[in-house]
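First the structure, in the form of structure tokens, and then the observations on it.
The values are calculated or read from the model by the stated rules, or taken from the named source; none is laboratory data. A quick note: this is a predicted structure, and the numbers were derived from the prediction, not measured. Positions of Cβ are backbone-derived with ideal geometry, glycine not excepted, and every protein chain shown enters the neighbour counts. Areas reflect the complete protein model, heavy atoms only, side chains present, ligands, DNA and RNA absent. Shrake-Rupley method; radii C 1.70, N 1.55, O 1.52, S 1.80 Å.
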Amino acid sequence: AGRTFDLEASALGVTPGLSISHNKISFPATPLGDVTTVSVVLRNATPTHQAFEFGVPKGSGLKFIPHVGQVAPGSSMRVQIDFAPLAGDENMDARDGAMSPAPS
């Protein structure tokens with residue numbers, strides 16, 4: 001076997017100020033005229049306020065409440081996400097008016 005050396009090392013890592021509880025959100029089939037709601041939690045692990053803003057795609061039928069704000073140091077905030085399918089959506093299942101499941 002070769003020789004083993006112990007070396008000192010140091011590193012600096014960067015962690016995002018905010019973390020989100022889910023990195024993927026799935027909505028069930030939702031008929032036109034209905035709303036499906038899910039929630040995520042934003043967590044601030046830093047000693048300073050952290051600002052956020054969700055960029056919502058136009059015509060997506062998504063609504064974030066709140067969509068912009070600040071999370072206080074060391075605290076969490078629940079964000080509600082509403083989905084209401086829009087007529088003419090390309091994912092619409094013509095047979096029953098419900099959203100087709102997204103391909104995996």
Scanning the range 44-75 for residues that are outside any loop (DSSP other than H, G, I, E, B) and closer than 30 Å to A29 by Cβ, which turns out most open to solvent (accessible area, probe 1.4 Å)? E53
Can you list residue pairs whose Cβ atoms sit under 6 Å apart, with the first residue in the range 8-22 being part of a loop (DSSP other than H, G, I, E, B) and the second being open to solvent by less than 80 Å² (accessible area, probe 1.4 Å)? Count only pairs 6 or more apart in sequence or on different chains. G17/T46; G17/Q50; S21/V40; S21/V41; H22/V40
If we keep only residues of the range 1-43 that are open to solvent by less than 70 Å² (accessible area, probe 1.4 Å) and hydroxyl-bearing (S, T, Y), then the residue farthest from G88 (Cα to Cα) is S19
Output the residues belonging to the range 23-59 that are among the polar types (S, T, N, Q) and touching a residue at least 24 places away in the same chain (Cβ under 8 Å). S26, T30, T36, T37, S39, N44, T46, T48, Q50
